[in-house]
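Beneath this line is the structure, given in structure tokens, with notes to follow.
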Amino acid sequence: MNNRLCISLALCFCVLKLNAQDYNILLIPDSLKEHANVIERFDETRIIIKSIDKAIIKHKYAYTILNEAGARHAGYFNDYSDLKDLHNIDGDLYDAFGKHLKNIKKKDIGDYSGDDEETLASDARFKAHNFYYTQYPYTIQYEDEEDYNGIFYLPVWITQPYENFSVESSRLIVETPADYNLRYKQSNYYNTPSIVHDNDKIIYTWEVKNQKAKSIEPYGPSMNDISAKVILAPTDFSIQGFTGKMDNWQDFGMFRQALLGGRDELDDVTKQKVHQLTDTVKDAKMKVIVLYKYLQNNTRYINVSFGIGGWQPHDAKYVAQKKYGDCKALSNFMGALLKEAGINSYYTVIKAGENNTSFYSDFSCNQFNHVIRCVPLQNDTMWLECTDQTLPAGYLGNFTCNRPALLITETGGKLVQTPCYNENDNIYIRKINADVSEQGDLTAKVITNYKGLEYDDMHDIFHQLNKDDIKKYLNQVFSISSYEINDFKYNETDEALPAITESIDLTANSYAHVSGKRFFIVPDIITKTDLKLDTSDKRIYDIIYPYSFKHIDTITINIPHGYSVEALPKNKTLETPFGKYVVTYSVYNDKIIFTRFSERKSNRFPATDYVAFANFCNDIYKADRSQVVLVKKDN
């Protein structure tokens, strides 16, 4: 064997040995293993922008899965459509010491429709794979390539999208033509990117190393809000024959307006129906309500989306004929109905979601995932959720309230704020009349009126569940050890600030504890908070109250005759920056009277307030469980 061959073989052996050691768990710093279920060994996203309508995205990453809790991140998943090709998928499996175990075969990659039960048809599909390996720890490595056929958005780089997820190395590289105007927004990334001008191209690089695992704290921000992140957006773009700009909200709105062009024309039959419904109605607000109910009664939400149809609605005639549409189509159809009735309104794009995730008002780009309708009236503005067949006109629930939205006008986009409901809007008032037998068994009639955002969950229960499922839900929701729902009913108030009244009859065996002559009972039957916090925990992030509310409970419990009070909890008032809580107790004429008042206002508090906040929550937890002790009188 000659020397050259020996050297070549030795070099190959070294390379193979180094590659095998790359994923050896012994090479991971201990600090990255702490509180982690997954360790990202490396992640590289390389975006190569060719022109205003073409881009290539190459992605390669490796995760070390430490335990069963991390296994949900061990698979591969990516979507594709007419606007995005997906190919060159590859993957490998390594054991704890970096030994290569398996490479995926093309036949092992699943290819599935992205349609759900609310989608009639779309071009959305996805590919997925999993090694289903369970000898922890192990490492998976995947890579793929995407071709964008039109650019309306670019990938978001987020370094820690999950809790208990640490990062050894993550990098974003963007390569553009020299004359391409790339815009970017950094969040929780405090360095400047490396920018290299290389002849006819510009290369941007963002990178992080050795990020320890993070956890979501009670009443804290989401991982999306605390992770290092870079949002990218073009200035000029083109997609399926449509071109536009998005360097400001007005220009972005002009592009969305162009997608609406000529799509709000109604057929003659629907026009006649509009006039039949509204010509005799003098009040503009009542006309909106009438037409909104017509929309609800004659259409339903179904997603139909291909290519640019992800952002361009089907025309109003299509919805009138088919009786269905997605949020874009239904909102556009609602606008056409209003226009025929002589009422101006705006197609409005919004970032929907109950968690009200971050929105960057100072960075115009496609941050939206939903469409609603805004109707400005002389003395009011009405907001219409056109995909819901049961919400009252003018009400936006937690899905779209209190956040920025973009009105699409003839002169472009206009950023506005949707309504915010305060503690006097989001309220429940509960009255309970109960009887307790000498054996401690309880029967109670509970009447609760839910209003505003407190109404949202009850609305969904009432309209989406059948009677059997509602009863099943009610038999699980209350913090009573043993109870049974005997009867229930609901009554809904259809107003701009809606309400629903729930009436429940329940029984709870052995609710009160009987011991000899003594009778122990917790007057707070069903409202007890479950929130209890450890004051020794070190708080890292701000405390966030997402919304305001007010809860008022009045409970009357009829007790067996012949008992007197041995111990009665003291009335308690907590009035702090975090909220107000007041409870009172009284016993007379064989009755326990208990009142509870709890109020919060949406707010944000610094992490340094955590101990005071935890004490406030724990005081409520304790007070909600206070007992009245009765003793049987001697004859």
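All conditions in (1) under 25 Å from the mean Cα position of the chain (by Cα); (2) surrounded by fewer than 19 Cβ atoms within 10 Å (Cβ to Cβ) hold for Thr411, with the sole exception of (1).
Summed over the stretch 590-629, the residues that are crowded, with 18+ Cβ neighbours inside 10 Å and either in contact with a helix residue (DSSP H, G or I) (Cβ under 7 Å, 6 or more places away or on another chain) or in a strand (DSSP E or B) (or both) give a count of 6.
Any residue in the stretch 464-475 that is out of contact with any Lys or Arg (no Cβ under 7 Å at 6 or more places or on another chain), of a type outside the set (A, V, I, L, M) and either touching a residue at least 40 places away in the same chain (Cβ under 8 Å) or not assigned by TED's automatic domain parsing to the domain that holds Ile552 (or both)? Checked against the condition, which is being out of contact with any Lys or Arg (no Cβ under 7 Å at 6 or more places or on another chain), of a type outside the set (A, V, I, L, M) and either touching a residue at least 40 places away in the same chain (Cβ under 8 Å) or not assigned by TED's automatic domain parsing to the domain that holds Ile552 (or both), the stretch 464-475 yields no hits at all. Quick check on Asn248: is it on the phi > 0 side of the Ramachandran plot and either surrounded by fewer than 15 Cβ atoms within 10 Å (Cβ to Cβ) or modelled with pLDDT of 95 or more (or both)? For Asn248, the condition - on the phi > 0 side of the Ramachandran plot and either surrounded by fewer than 15 Cβ atoms within 10 Å (Cβ to Cβ) or modelled with pLDDT of 95 or more (or both) - is not met.
For the criterion of being under 23 Å from Val477 (Cα atoms), surrounded by 19 or more Cβ atoms within 10 Å (Cβ to Cβ) and in contact with a Ser or Thr (Cβ under 6 Å, 6 or more places away or on another chain), Tyr547 passes.
Restricting attention to the stretch 29-53 and to residues that are part of a strand (DSSP E or B) and in contact with a helix residue (DSSP H, G or I) (Cβ under 7 Å, 6 or more places away or on another chain), the residue that is surrounded by the most Cβ atoms within 10 Å (Cβ to Cβ) turns out to be Val38.
Here is a yes/no grid of residues against (1) of a type in the set (Gly, Ala, Ser); (2) over 17 Å from Val269 (Cα atoms); (3) modelled with pLDDT of 90 or more:
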{"site": "Val304", "(1), (2), (3)": "no, yes, no"}
{"site": "Gly310", "(1), (2), (3)": "yes, yes, no"}
{"site": "His314", "(1), (2), (3)": "no, yes, yes"}
{"site": "Tyr318", "(1), (2), (3)": "no, no, yes"}
{"site": "Lys322", "(1), (2), (3)": "no, no, yes"}
{"site": "Lys328", "(1), (2), (3)": "no, yes, yes"}
{"site": "Asn332", "(1), (2), (3)": "no, yes, yes"}
{"site": "Asn344", "(1), (2), (3)": "no, yes, yes"}
{"site": "Asn355", "(1), (2), (3)": "no, yes, no"}
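For the residues Ala499, Ala512, the requirement of being under 30 Å from Glu566 (Cβ atoms), crowded, with 19+ Cβ neighbours inside 10 Å and assigned by TED's automatic domain parsing to the domain that holds Glu438 singles out Ala512. Against the conditions (1) without any contact (Cβ under 8 Å) to a residue 24 or more places away in the chain; (2) assigned to a helix (DSSP H, G or I), Leu330 satisfies every one except (1).
For Phe252, the stated conditions hold: it is assigned by TED's automatic domain parsing to the domain that holds Glu410 and either under 27 Å from the mean Cα position of the chain (by Cα) or within 23 Å of Gly70 (Cβ to Cβ) (or both).
When Asn191 is tested against (1) surrounded by fewer than 17 Cβ atoms within 10 Å (Cβ to Cβ); (2) farther than 29 Å from Ala36 by Cβ, just one condition goes unmet, and that condition is (2). Of all residues in the stretch 555-583, those satisfying the criterion of being charged (D, E, K, R) and within 15 Å of Gln627 (Cα to Cα) are Glu566, Lys570, Lys572.
The values are calculated or read from the model by the stated rules, or taken from the named source; none is laboratory data. What you are looking at is a predicted structure, and each value in this text was computed from that prediction instead of being measured. All Cβ positions, glycine included, derive from the backbone under ideal geometry; neighbour counts span all protein chains shown.
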